[in-house]
Amino acid sequence: MRALQYVSMLFVIIPLTALIVCSLIKRSRQNAAFYLLSAFAAAQVGLALYGLMLFNSLNISEYSFGFHITQAVADVFTLKPASLVMLLCIGLVSFTSLLVAYKTMPANKKLSYLRLLSALIIGMNGIVLVNDLFTMYLFIEIIGISSFVLISTTKTEEGLESAFIYLVMSSLASIMLLTGLAFIFMRTGSLKFEYLIAINNTSAEVSQNALTYLSYILVISGLLIKTGAVPFHSWLPDAHQSADTSVSVLLSGIVIKAAGVYCLMRVTDIFGNLYAIRLSLAILGVITIAVGAMFALHQNHFKRILAYSSVSQMGYMLLGISAGGILGFIGTMLHIFNHAVFKSTLFTNAAALHEEVHTLDIDKLGGLQKQMPITATTSLIAFLSTAGIPPLSGFWSKLLIIIALWKANFIGFAAAALVLSIFTAAYFLRLQMNVFWGQTPEHLQSIKEVKGTIRFAEIMLTIITIAVGLGFPFILLFLEASGII
Amino acid sequence: MKEILMLAAICVPLLGAFLIPIFGKAITKLRNALALIFVLTALLCSILLLPYAVADNDAVIHIYLPLGLSIGFHADALAVFMAITSTLVSSVIVLYSFGYIKDYPNQNEYYLMICLFIGAMMGLVYSSNLILLYMFWEITSFCSWRLIGFYRDRTALIRANKAFITTVLGALIMLIGFIGIYAETGTFDLSVIKGYTLPSWIVAVILVGILTKSATFPLHNWLPDAGVAPSPVTSLLHAAVLVKIGLYAYVRLFVVELNIDKVFETIVPVIAAVSALLSAGAALKATDIKRVIAYSTISQIAFILLGLSCGVEVGLAGGLLYILAHSIAKGGLFLCAGIVEHALHTKDMSKMGGLIKTMPVTAISCLFCALSVMGIPPFGGFFAKFLVIDEIVSAGQITLGIIFIIGAIMTVLYLARMFSLVFLGEEKAKAHEGTKVMLASVIILAVLSLFMGILINLPTELVKMVGGLQ
Amino acid sequence: MEVIITICLGFMLVFAIVAVMNKSLLKSAIALALVSIFLGVILYLLTAKWAAVFEVSVCSGLVTVISISAISLTHEEKEQLQKKYMDKRRMAMLPYLLILCGFLLVFIVLTAKIQLPYDQLAEPSTETLSEALWDNRQADVWGQIIILLTGAFAVVTLFKEA
């Protein structure tokens, strides 16, 4: 128990320390800050894994803790297995982003990047640890501010414009979320999760109330904007394309999931059993998959294709949430983890291409397999994982979501989700054909493979993809032994 | 002991494929030899499993997993038969590749993909769990994608993408059927659900996947276009192994393990008959040598499907025998076409002619293989076709029998046309014989076609056992 | 009291439209301050005294001071930028239209006697401010501190010259 207490407190203390260090450190020592923050991110990954093992051995399902400076203060944070998985993703994606930023961030912006990254990590850690809707909203705001400024760190004109679009959409999301929260508070008098789940939100008189439905719609719409689901996805491609690649890694890898999908999961815990809500989430999920994939087929910029691919994958997570039940929950969490890994791999490949070739327009690239073998192979494996080719990890999470949908009687949606994954394969085939697999044009003959931290990031993430894919039987057996399945 | 043999048959090519680039960077001859050794190991282990399967002492591996999944492998007569067929032809093709590929770049990837493909094929025929089947199915799609686009020019890449998308789409639709089976029975494990009757919609959906993989009309477009691949690749994928996956799945799922509605015994033969006749017609008109052979493949596969699906037990045996005969003979045909193409650098038959004078060995091997495909005794193809036609007619399906005979006549016609255009007549271009290794491969296959006919009772015994598995 | 609250809402709406659509930045800043003053009045009338105090002091006090100092310090660049980004084809009547809609809304709410839940106002709680903040909502206080720090970093990052 002591170990668990220390581990959980560390999840809050580590990013706070990082923030303080980064705000006090001198410009000349910024590399030291880089190493420190990387160490912290790696430590968060390790702590999350250790926490999962502790949870398994102690056989508990959640753990509340707080910072008891005065006496008799309620426990403000709660640690759950789902939170630990999210903390693992947060640590992993932040680590990748740091590895990429080491090469791609201009030197005079590195310290700003580090400070905002620490703030972002605090925001994300906070979201997965709190047990109150309003506090969750507060931490979503932190994420909104930090990511908005992170998008605009390289002050290009399009960067500022897309950051502004993101800010406007984010404010819209905040307004909807806050109004919805206000209505819920008006009706129930408390915003704590346990209280809201306990008062049985699906009783008949409650669900007939128009105000209740309005509050649910507002909250879900606000969170859908943050997720980047259709029809609220318009900010996503611009933000990913014009931000520096390390920021794109963060955005796609964890921000849209911590602030969006995970919060949707917590919120649907409260009122998710309403059939109308589950049906609408499922329909939106399928539409998101289709629209994201169709748009991705026509893009010419590497990062834009990846951004629309993220939109498409969010659709799968929405389907997993709408399926409900334990299988849908596990499928969605696994898909969050898998998506973090393979999308980060792809964005790291984009960073590698940008570093070496200085362009990301796929019409100008071609046949780089020979010149950049590691980038090409890692992008190939990431693509196969996204498209859901077994035995890589992406297939298993999709399979779980499809089975969960089938069991929840959403058979048409399951079939549609399966058939639509061919579009994922299609746009990635186009990407591979135009960038890596082909004849090398004259002006690209002398390109060298990228070295250093970016290469390390690519290889590390690919190993994780393959390991989780091949080791999926072990994951299943572990889940069964813990009594979850 | 038998379990170890089965595991070796699957894992040696599958995992050994990843060792190949490592050796390839060091010594190329060692890498080539290693590739051949891996495939031969699979062949040897499958042959050694034969006595166990015949004696009804099948090798079984079964590791239980939650959610109806499992890691299950089962070496029954059907699996061993398909394994031996595939690895036999594949080892000859690997041998042929030594001579064909040696001047092209990206050889490491080529041998990796070939070994991975054969490993996946082994996994597929031995697996006894639907999701495992699907997994190896997709791995073969991936390998064939990389192999079809081997030459890396734009046309090849586009055709490779098309093949990938068609087969993967079919597989995804088939997965819907598998999940339907899971929803009905609660498991993906074939050993548990043996004898279960499938609802018709699941059969229809799984059939879509099978038809795309075995290139049956109307989902056959990817096969002739995939002729842009190197000849050993075309031989491996489109004659010997890849197209047989669909047929194997049909036998495994619908004949041996599960029951399907009787109506499919009418529908599937009709689809197969249409496909057979249409592609035979296209073969008569094509001018690209590989396209002729590709359309011929579509046609012959349709015939095999006809035999397998008409619900007659000896038809099943005939179909399986024809899988063996066709793999050997069609593989040989593609390899001969490869020798011609390697020498003349063209695939257009109007530019060829009279090659029998300068390439006698190739011509005779091509003749043997063509005679086997046409179904002329004493080659193997004849016995297989005869079994199928005989049983179809005595089972009362006269129309199907007539269609079969018409198709057989068309087969003779277009293959004879091809042979005469390429090897007979006046010489249009100078050519030389292929290298010794390439010639050795086609000779092996030609001789095997002949011997299969002479020693026909050996495979027939094995194939009759498959019928007993129902 | 409902009448006063509704009228205050109407004025809030009017001044918010002025703040967003006015061409002069100075007038927009002052309109923003007026919005928050009216919001403070509403909060006070709904018996949330501390919230009213925070609202008026932060928004119409602190924010207005900062905006007006920033506006006056960047007078030169602002003129040139405004010439570049002024949207000349904007519908000139749009702000007046929106304000008219605002007045209409107020009128409708007042006359149609829409039932706003003013009678369900809670009793002012007996906790002190420090208890309410630190004991009940400690996580929010942590969050607020982090937001302030993040905001500071954001401003520094956005506006620092290379």
Checklist line | Filter result for the condition that a residue is closer than 24 Å to B:Leu14 by Cβ, modelled with pLDDT of 90 or more and surrounded by fewer than 24 Cβ atoms within 10 Å (Cβ to Cβ), over B:Leu132, B:Leu124 | finding: B:Leu132
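Each row is one residue, and each column tells you yes or no for (1) aromatic (Phe, Trp, Tyr); (2) within 14 Å of chain A (Cβ to nearest Cβ); (3) under 16 Å from B:Phe136 (Cβ atoms); (4) outside any strand (DSSP E or B).
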| position | (1), (2), (3), (4) |
| --- | --- |
| B:Leu14 | no, yes, yes, yes |
| B:Pro21 | no, yes, no, yes |
| B:Lys29 | no, no, no, yes |
| B:Leu34 | no, no, no, yes |
| B:His62 | no, yes, no, no |
Next item on the list: Please enumerate the residues belonging to the range C:30-85 that are hydroxyl-bearing (Ser, Thr, Tyr), in a helix (DSSP H, G or I) and either modelled with pLDDT of 80 or more or within 25 Å of C:Ala152 (Cα to Cα) (or both).
Entry: C:Ser36, C:Tyr44, C:Ser57, C:Ser60, C:Thr64, C:Ser67, C:Ser69, C:Ser72
Margin query: Residue under question is A:Ile422, and the condition is that it be free of Cβ contacts under 8 Å to residues at least 40 places away in the same chain, facing another protein chain (nearest Cβ under 10 Å) and under 21 Å from B:Ala163 (Cα atoms); does it hold?
Written below: yes
Item checked: Residue list for the range C:88-142, restricted to those being among the basic types (Lys, Arg) and at pLDDT below 70 -> C:Lys88, C:Arg89, C:Arg90, C:Lys113
Item checked: Selected residue [over 24 Å from B:Phe136 (Cβ atoms) and crowded, with 24+ Cβ neighbours inside 10 Å] from B:Ala282, B:Ala272, B:Ala286, B:Ala343 -> B:Ala272
Item checked: Candidate set: the range B:5-52, residues that are free of Cβ contacts under 8 Å to residues at least 12 places away in the same chain and of a type in the set (Gly, Ala, Ser); chosen: the one surrounded by the most Cβ atoms within 10 Å (Cβ to Cβ) -> B:Ala33
Margin query: Suppose we filter the range A:84-119 for residues that are within 14 Å of chain C (Cβ to nearest Cβ) and closer than 24 Å to A:Cys263 by Cα; how many remain?
Written below: 4
Note to self: Given the criteria within 12 Å of another protein chain (Cβ to nearest Cβ), in contact (Cβ under 8 Å) with a residue 40 or more places away in the chain and assigned to a helix (DSSP H, G or I), does A:Gly331 qualify?
What the structure shows: yes
Item checked: Any hit, the range B:241-254, residues being more than 17 Å from the chain's Cα centre (by Cα) and surrounded by 23 or more Cβ atoms within 10 Å (Cβ to Cβ) -> yes
Margin query: Anything in the range B:366-381 that is more than 21 Å from B:Tyr295 (Cβ to Cβ) and part of a helix (DSSP H, G or I)? List them, or say none.
Written below: B:Gly380
Checklist line | Meets criteria (basic (Lys, Arg) and within 9 Å of another protein chain (Cβ to nearest Cβ)) for B:Arg159 | finding: no
Notebook entry, point to check: Name the residues in the range A:335-381 that are without any contact (Cβ under 8 Å) to a residue 24 or more places away in the chain and among the hydroxyl-bearing types (Ser, Thr, Tyr), would you?
Noted result: A:Thr359
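Each row is one residue, and each column tells you yes or no for (1) more than 9 Å from chain A (Cβ to nearest Cβ); (2) assigned to a helix (DSSP H, G or I); (3) not charged (D, E, K, R).
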{"residue": "B:Leu133", "(1), (2), (3)": "yes, yes, yes"}
{"residue": "B:Phe136", "(1), (2), (3)": "no, yes, yes"}
{"residue": "B:Cys143", "(1), (2), (3)": "yes, yes, yes"}
{"residue": "B:Phe150", "(1), (2), (3)": "yes, no, yes"}
{"residue": "B:Thr166", "(1), (2), (3)": "yes, yes, yes"}
{"residue": "B:Ile179", "(1), (2), (3)": "no, yes, yes"}
Checklist line | So A:Phe456, is it more than 10 Å from every other protein chain (Cβ to nearest Cβ), of a type in the set (A, V, I, L, M, F, W, C), buried (at least 23 other Cβ atoms within 10 Å of the Cβ) and part of a helix (DSSP H, G or I) | finding: no
Next item on the list: Give the residue that is surrounded by the most Cβ atoms within 10 Å (Cβ to Cβ), with candidates limited to residues of the range C:145-162 that are within 7 Å of chain A (Cβ to nearest Cβ) and closer than 16 Å to A:Met136 by Cα.
Entry: C:Ile146
Checklist line | helices (runs of 4 or more DSSP H) lying entirely in the range A:120-209 (those with 2 or more residues that are within 14 Å of another protein chain (Cβ to nearest Cβ) and either among the basic types (Lys, Arg) or more than 24 Å from the chain's Cα centre (by Cα) (or both)) | finding: A:157-188
Margin query: If I go through the range B:313-333 residue by residue, how many of them are of a type in the set (Gly, Ala, Ser) and closer than 18 Å to B:Val94 by Cα?
Written below: 4
Checklist line | Some residue of the range A:172-184 being buried (at least 20 other Cβ atoms within 10 Å of the Cβ) and closer than 18 Å to A:Lys303 by Cβ | finding: no
Check: Pick from B:Leu207, B:Leu175, B:Leu211: which is touching a Leu at 6+ places or on another chain (Cβ under 9 Å), away from every other protein chain (no Cβ under 14 Å) and either farther than 25 Å from B:Lys347 by Cα or crowded, with 23+ Cβ neighbours inside 10 Å (or both)?
Finding: B:Leu211
Notebook entry, point to check: Which of the residues spanning the range A:314-328 are in a helix (DSSP H, G or I) and out of contact with any Phe, Trp or Tyr (no Cβ under 9 Å at 6 or more places or on another chain)?
Noted result: A:Met314, A:Gly315, A:Tyr316, A:Met317, A:Leu318, A:Gly325, A:Ile326, A:Leu327, A:Gly328
Note to self: Can you tell me which condition A:Ile447 does not meet? The list is (1) in contact with a helix residue (DSSP H, G or I) (Cβ under 8 Å, 6 or more places away or on another chain); (2) assigned to a helix (DSSP H, G or I); (3) of a type outside the set (Phe, Trp, Tyr), and all the others hold.
What the structure shows: (2)
Next item on the list: Would you mind finding the one in A:Gln371, A:Gln445, A:Gln439 that is surrounded by fewer than 22 Cβ atoms within 10 Å (Cβ to Cβ) and at the interface with chain B (Cβ under 10 Å from one of its Cβ atoms)?
Entry: A:Gln439
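The values are calculated or read from the model by the stated rules, or taken from the named source; none is laboratory data. Everything numeric here is computed off the predicted structure, so don't read it as measured data. We place every Cβ from the backbone using ideal geometry, glycine too, and count neighbours over all the protein chains shown.
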